[in-house]
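Just so it is clear, none of the values below were taken in a lab; they were calculated from the coordinates. All figures in this text were calculated on a predicted structure; none of them were measured in a lab.
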Amino acid sequence: MTFRRFELCDPDENHSKFWEVSDPEGQGVGWIVTCRWGRIGTSGQERSFFFPKYNAAEKFRCDKINEKKAKGYLSIGNLIAQRAGLPLAKDTPPQPPEPDPEDPFSLPF
């Protein structure tokens, strides 16, 4: 399972947090996305979310990534660049897949 890691470090606010999200992984009759979070230096907590279709799992993952970025979390690559005083990579927000008209679970509500 591959995870993408984000961190939020702000000494003024006493923030030293991480958040990780997995790529959707097929599990027989559906897809699972796993999230891990906690304080940096700890093992944190983990929760898995089940989705019947890939598009729903990928949309959830993209929405969560965009939510964390809005809160100030940086991907590990950008965090390392920031600490080294290098320019940040243009990290475009992930876009959820297009709805599949044959899949009622992928259509917007």
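Phi angles of region 9-26 translate, via the Karplus equation with coefficients 6.51, -1.76, 1.60 and θ = phi - 60°, into HN-Hα couplings of 10, 8, x, 5, 9, 6, 9, 8, 10, 10, 8, 10, 9, 8, 6, x, 10, x Hz per residue; Gly and Pro are given as x.
Taking amide H atoms as placed 1.01 Å from N in the peptide plane, the amide H of TRP31 lies under 5 Å from those of PHE51, LYS53, each 5 or more residues away in sequence or on another chain. Centroid-to-centroid, using Cα positions, region 48-78 and region 1-37 are 8 Å apart.
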